[in-house]
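Here's the structure, in structure tokens; my notes come after.
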Amino acid sequence: MQIQSSSQTLGQNLNITSDHRPPPPKPEAGERPPGPPPGLGRAIDTLSDDQRQNVQQMLESLSDEQKGQLKQALDDFKSEADTMDIEDIGQSFLDILSSVANPQKNSATPDNQVDVYV
């Protein structure tokens, strides 16, 4: 029995090319890439197309202060979400996001405030 050896290298046999691309730039400290918060993608996928589009628009329009409020609200929501269905989590996220993105005006605005003199 005779073994033949080949002079080709493994790389030549597999047609390996050096198409190395650098990784995408990392977000700066404190910044997250755009999109839903981590872990909520599946829940958001249960929403209707219009609702998902609203979520995306609201997330893009949040100020830094609103992002902090959303994070706090979601942290508070975590323990409750453990016992919920994925569809309910998606709807609750939409409700929380809507309340942060579109806060209701305080009922004591100058338009309806009454001064009382004693």
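The values are calculated or read from the model by the stated rules, or taken from the named source; none is laboratory data. Nothing here was measured: the structure is a model prediction, and the numbers come from that model. Cβ coordinates were reconstructed from backbone atoms using ideal geometry, including for glycine residues, and neighbour counts include every protein chain displayed. Note: areas computed on protein heavy atoms with side chains; ligands, DNA, RNA excluded. Shrake-Rupley method; radii C 1.70, N 1.55, O 1.52, S 1.80 Å.
List, please: which pairs have Cβ atoms under 7 Å, are six or more places apart or on different chains, and start with a residue in the range 63-92 that is more than 15 Å from I44 (Cα to Cα) and outside any loop (DSSP other than H, G, I, E, B) and end with one that is open to solvent by 60 Å² or more (accessible area, probe 1.4 Å) and of a type in the set (V, I, T)?
Here the result reads none, with nothing in the range 63-92 linked to a residue that is open to solvent by 60 Å² or more (accessible area, probe 1.4 Å) and of a type in the set (V, I, T).
Which residues, counting only those in the range 39-74, are of a type in the set (S, T, Y), loosely packed, with under 15 Cβ neighbours inside 10 Å and over 19 Å from P103 (Cβ atoms)?
So the first thing to find is which residues in the range 39-74 are of a type in the set (S, T, Y), and the list is 46, 48, 61, 63.
Going one step further and asking which of them are loosely packed, with under 15 Cβ neighbours inside 10 Å, we end up with 48, 61, 63.
Selection gives S48 alone.
List the number of the failed condition for P36; all other conditions in (1) surrounded by fewer than 16 Cβ atoms within 10 Å (Cβ to Cβ); (2) at pLDDT below 90 hold.
(1)
A81: modelled with pLDDT of 90 or more, open to solvent by less than 40 Å² (accessible area, probe 1.4 Å) and of a type in the set (A, V, I, L, M, F, W, C), yes or no?
no
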